[in-house]
Amino acid sequence: MYPLGNSAAKGAGMIKLNVNGRVHDVDAPADTPLLWVLREWLGMTGSKYGCGAGVCGACSVHIDGDVLRSCSVALGDVGAGKVVTIEGLSPDGLSHPVQKAWLAHEVPQCGYCQSGQIMAAAALLKAVPKPTDDDITAAMQNICRCGTYQRIKAAIHDAAKGGAA
Amino acid sequence: MNQINGLGRRGFLGTVAAVAGGMSLGWNVPAAQAQGAASAAANSAATAAGGVEVGIWAVVMPDDRVIVRIARSEMGQGTLTGLAQLVADEMDADWAKVQAEYIAPEVNQANKRAWGDMSTGGSRGIRASVEYVRKGGAAAKAMLIQAAAAQWGVPAGECSASESVITHKPSGRTLRYGQVAAAAAKLPVPDNVAVKQPSEWKIVGKGVKRLDTVEKLSGKLIYAVDLQLPEMLNASIAQCPVFGGKIGSFDAAKVMGMPGVRHVLRVGDDTIAVVADKWWQAQTALKALPIVWDEGPNANVNSASIAKHLESGLDAKEAFVGLKQGDAEAGLKGAAKVVEAVYGTPFLNHATLEPMTCTAKWDGTTIEVWVSSQNGDASLAAAAEAAGVQLANVKVNKHHLGGGFGRRGQQDYVRQAVLIAKQVPGRPVKMIWSREEDMQHGFYRPITMAKMKAGLDAQGNLVALHARLSGQSILAHLFPARLAGGADPVQFQGWNKEEFGYQAIPNILIDHAMRNTHVPVGFWRGVNHNQNAVYLECFLDEVALAAGKDPLDFRLGLMGQMPKLRAVLQAAADKAEYRKKLPAGVFRGICANYGFGSYTAAVAEVSVSKQGEVKVHRIVAATDCGYAVNPDQIAAQVEGSFVYGLSALFTSENTVEKGRIVEGNFDTYEVMKLDQMPKVETVVVPSGGFWGGVGEPTIAVAAPAVLNAIHAATGKRIRTLPLKHHDLSHA
Ligand code: FES
Ligand code: FES
């Protein structure tokens, strides 16, 4: 959808980028991966670098409501797309139903993958408010080396029920 | 201070004297020194925010918050919370107001390592700290009570504490910890105090919430990779892809004009760094940098040549003996039936999700680093050595780790960051390894093989066992000085006199033909237990079946000398209803292991389609870690250890071609995702009386239980990992 490097707008110059409801002027080449724009140009480090190759999901963000791997999206291809990162998921960083469920289930271990996991889960629940196990396994393809998958699954079901137990 | 107070103190010291002597363990700081620690540590975040140190393990804030000092590292395993529970419980602190902070390695160093060992590995984070952190908590409580008693002018013995409130029983008066902390801090730290009996624990043993979760949900936790400092530059590095090779030449001019690029540097003789304003710019330029490597003597080594090297050890005359009882050779000769099989496991990268990263700043005399490390002391020493300065000229800022698993005990990346910073004085430089760099420059789980031989008598009793290991030694690579007469005791994990579970076998020989390679190896979560448990626990299944016996009964019959291992295996079997029939097409496998001070066992329920697709439906994992500090976090570690262990079983491996690691990223180094996650049911059976590890022990039982179930399902005995190379289709 946003293939890296296929940007029509290669080259220098300010590029407008809407992140968490704020429009930034970014002075970065159009082929810069969105992940690094967020982390280094905008100083928003909640989205993580895990593989840089679209494989791990640690960098997951929403663009116009779809979850995408920001390491594999070129800045120039975001265009007017509205980017939401973990920093913008909820006003206090805690009150999104997925965040609440994550806390209730004590999902994170090291936590490094969790920004991406939470963004993926939030997008899933928006698209499929009552996901089945199969919906969850199909949608949640992010790597967690600490192995928190069992709790991720339980927390998503809980968030879908509209409340963290 | 008044007389009553003095009496109270004497009373207290009297109690202390009774339990003193040999009990102070890692914390031998006389009171005066502990006071020194207090002033030296005054710049910690908690004290800067107005807290006072009561003893060295806790800072009490005016609002009653208790900030527990943590010397070990938090990498997801929950040690930070567990240690805080131990201190807070002894303090009788209100858990709702407990927080934690790291003690800085240089502060530890400057105070004769008053906070003990900072290394966090071998599942020792809690069990090796329990004695002194609990004493620290108990000492703080004694001081707080003492201060309150002094304020009231009553004997301390008339006062008690609960949930951060001190009560004078006769008068009913109360004072909160925050109200007396300043006075308590001025008292001498009692150098030995009694700790609670397990029956008195209120916070220990409870599945309380972790202290470090909230900031992991909002993206606000600053991992080392996230650090942003004023004037900071960023570096990406390339190390010679062939281990043992060096830099030949590179053409810096080709990339110096690229956006943001500041420097192209040599880092030692085998690494090149590009330093730029932003990491993405450094990485982009590094990829464009023409480099010629001097690949050195190992450029022709590959997985096939390594396999040959290991195979030569399977029947070699020379081998180090790890365990010997009776006469295995004679036992095998006289056996009615001999079972023999060869097993093997590959190199494995830790693949922490946060790649190796470290920031360093050199100002001409001192070096400051920001790092996620499993060993703050070692990071301090490595930074000093790389910078060529005294320890006193080093500052280490510890960050929570984005995964450790044993990898971040090594300090190679700290040294590199320091060597880079020294060439860019005055500005902090953050070095981040690309995933590819991380994958190809690990300290891999060593490659090993095992030739297993068992002798059965006419009644099907196991009368002789010979396990011959052949493979690479971790100690030979990392700490050759720790080899014992050339032998690597780590190689025999689970198979030594202390840990081997089946000592009822009359004739046993376990030995190791060391076959080292040029690939760097290290401690990978679970270490040699992983490989050894696969070899032994799968082979025992083979032997049980050859003897016509049930694998569970067969094992239980050999575990007489290890009642706790027997009990934990029985507990897993009971929970899994081992004697009950499973639904059609689902099969069981079992196994057990003793390691890192804990007894573990697992039952796996698995089905394999005719086409050979494996599905793990359920895992029952039992662990006896003696005392369970936080059962919910134990469950989390058990669940996670199965993900790590089953990734290794199903898909992960590192192979060698032309002297270098072939796999570069998670596309080829495949790890488990949510869709393969089995349901893991954790059974914690804490029998008490000892402190066992938690982070690693259960990983050893992950693969063998599933492999044994796969055999039950397919009749196929898989002896080399990973499974992705095997055809499991069956009729
Ligand atoms: S960092 Fe983007 S998918 Fe891994
Ligand atoms: S919590 Fe550590 S990688 Fe997922």
Based on what the data block shows, is A:Arg69 facing chain B (nearest Cβ under 9 Å), within 13 Å of ligand 1 (Cβ to nearest atom), of a type in the set (D, E, K, R) and in contact (Cβ under 8 Å) with a residue 12 or more places away in the chain?
no
Return the residues of region A:78-134 that are more than 13 Å from ligand 2 (Cβ to nearest atom) and among the charged types (D, E, K, R); say none if nothing qualifies.
A:Lys82, A:Glu87, A:Asp92, A:Lys100, A:Lys126, A:Lys130, A:Asp133, A:Asp134
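Looking at B:Ile237, B:Ile222, which one is among the β-branched types (Val, Ile, Thr), away from chain A (no Cβ under 14 Å) and either within 30 Å of B:Val429 (Cα to Cα) or touching a Leu at 6+ places or on another chain (Cβ under 9 Å) (or both)?
Numbers: B:Ile222 fails: away from chain A (no Cβ under 14 Å).
After applying the criteria, what remains is B:Ile237.
Working only within region B:190-208, note down all residues that are free of Cβ contacts under 8 Å to residues at least 40 places away in the same chain and in contact with a Leu (Cβ under 9 Å, 6 or more places away or on another chain). Lay out the reasoning, then the answer.
Just the residues of region B:190-208 that are free of Cβ contacts under 8 Å to residues at least 40 places away in the same chain, to begin with: B:197, B:199-200.
Correct list: empty.
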Quick check, is B:Gln633 over 30 Å from B:Ser434 (Cβ atoms), within 10 Å of another protein chain (Cβ to nearest Cβ) and touching a Ser or Thr at 6+ places or on another chain (Cβ under 9 Å)?
yes
If A:Ile118 meets every condition in (1) under 17 Å from B:Ser218 (Cβ atoms); (2) within 8 Å of another protein chain (Cβ to nearest Cβ); (3) touching a Gly at 6+ places or on another chain (Cβ under 7 Å) apart from one, which number is that one?
(3)
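The rows are residues; the columns are (1) touching an Asp or Glu at 6+ places or on another chain (Cβ under 7 Å); (2) in a helix (DSSP H, G or I); (3) within 22 Å of B:Val396 (Cα to Cα).
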site: B:Val59; (1), (2), (3): yes, no, yes
site: B:Ala84; (1), (2), (3): no, yes, yes
site: B:Tyr132; (1), (2), (3): no, yes, no
site: B:Ala142; (1), (2), (3): no, yes, no
Of the residues B:Glu329, B:Glu340, which single one is touching a residue at least 24 places away in the same chain (Cβ under 8 Å), surrounded by fewer than 19 Cβ atoms within 10 Å (Cβ to Cβ) and part of a helix (DSSP H, G or I)?
B:Glu329
Given A:Gln141, A:Gln150, which one is within 10 Å of chain B (Cβ to nearest Cβ), without any contact (Cβ under 8 Å) to a residue 12 or more places away in the chain and not hydroxyl-bearing (Ser, Thr, Tyr)?
A:Gln150
If a residue has to be modelled with pLDDT of 95 or more and more than 16 Å from ligand 1 (Cβ to nearest atom) to count, how many in region A:133-162 make the cut?
20
Can you pull out every residue in region B:276-305 that is crowded, with 20+ Cβ neighbours inside 10 Å, within 14 Å of chain A (Cβ to nearest Cβ) and not in a helix (DSSP H, G or I)?
B:Ala276, B:Lys278
Breaking point among (1) more than 16 Å from ligand 1 (Cβ to nearest atom); (2) part of a helix (DSSP H, G or I); (3) touching a helix residue (DSSP H, G or I) at 6+ places or on another chain (Cβ under 8 Å), for A:Lys130
(2)
Scan region B:137-152 and give yes if some residue there is of a type in the set (Val, Ile, Thr) and touching a residue at least 60 places away in the same chain (Cβ under 8 Å), otherwise no.
no
Scanning region A:54-80 residue by residue, those surrounded by 20 or more Cβ atoms within 10 Å (Cβ to Cβ) and either at pLDDT below 95 or more than 23 Å from B:Leu353 (Cβ to Cβ) (or both) turn out to be A:Ala74, A:Leu75, A:Gly76, A:Asp77, A:Val78
Is it the case that A:Cys56 is of a type outside the set (Ser, Thr, Tyr), in contact with a Leu (Cβ under 8 Å, 6 or more places away or on another chain) and within 16 Å of ligand 2 (Cβ to nearest atom)?
yes
Odd one out for B:Ile126, checked against (1) modelled with pLDDT under 95; (2) assigned to a helix (DSSP H, G or I)
(2)
Inside region B:112-149, can you point out the residues that are surrounded by fewer than 22 Cβ atoms within 10 Å (Cβ to Cβ), of a type outside the set (D, E, K, R) and more than 23 Å from B:Ile67 (Cβ to Cβ)?
B:Gly122
Are there strands (runs of 3 or more DSSP E) fully within region B:397-486 with at least 3 residues that are surrounded by fewer than 24 Cβ atoms within 10 Å (Cβ to Cβ), in contact (Cβ under 8 Å) with a residue 12 or more places away in the chain and not hydroxyl-bearing (Ser, Thr, Tyr)? List them.
B:448-456, B:462-471
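Report yes if some residue within region B:101-122 is within 14 Å of another protein chain (Cβ to nearest Cβ), within 16 Å of ligand 2 (Cβ to nearest atom) and under 27 Å from A:Cys144 (Cβ atoms); otherwise report no. Talk me through it step by step, then tell me what you get.
Keep residues of region B:101-122 that are within 14 Å of another protein chain (Cβ to nearest Cβ), which gives B:120.
Remaining after also requiring within 16 Å of ligand 2 (Cβ to nearest atom): B:120.
Retained after the next criterion (residues that are under 27 Å from A:Cys144 (Cβ atoms)): B:120.
Looking through region B:101-122, at least one residue is within 14 Å of another protein chain (Cβ to nearest Cβ), within 16 Å of ligand 2 (Cβ to nearest atom) and under 27 Å from A:Cys144 (Cβ atoms).
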Determine which single condition A:Asp135 fails, assuming it passes every other condition in (1) of a type outside the set (A, V, I, L, M); (2) outside any loop (DSSP other than H, G, I, E, B); (3) at the interface with chain B (Cβ under 9 Å from one of its Cβ atoms).
(3)
Here is a list of conditions, (1) more than 16 Å from ligand 2 (Cβ to nearest atom); (2) β-branched (Val, Ile, Thr); (3) touching a Lys or Arg at 6+ places or on another chain (Cβ under 9 Å), and B:Thr352 meets all of them except one; can you say which number that is?
(1)
Looking only at region B:651-681, count how many residues are in a loop (DSSP other than H, G, I, E, B), within 23 Å of B:Ile699 (Cβ to Cβ), of a type in the set (D, E, K, R) and facing chain A (nearest Cβ under 7 Å).
1
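So which residues in region B:336-391 are more than 14 Å from every other protein chain (Cβ to nearest Cβ) and either within 16 Å of ligand 1 (Cβ to nearest atom) or basic (Lys, Arg) (or both), if there are any at all? Write out each step before concluding.
Of all residues in region B:336-391, those more than 14 Å from every other protein chain (Cβ to nearest Cβ) come to B:336-347, B:358, B:360-369, B:371, B:375-391.
Those that are more than 14 Å from every other protein chain (Cβ to nearest Cβ) and either within 16 Å of ligand 1 (Cβ to nearest atom) or basic (Lys, Arg) (or both): B:Lys337, B:Lys361.
The values are calculated or read from the model by the stated rules, or taken from the named source; none is laboratory data. For clarity, every value in this text was computed on a predicted model and none was experimentally measured. For neighbour counting, all protein chains shown are included, and Cβ atoms are generated from backbone atoms with ideal geometry for every residue, glycine included.
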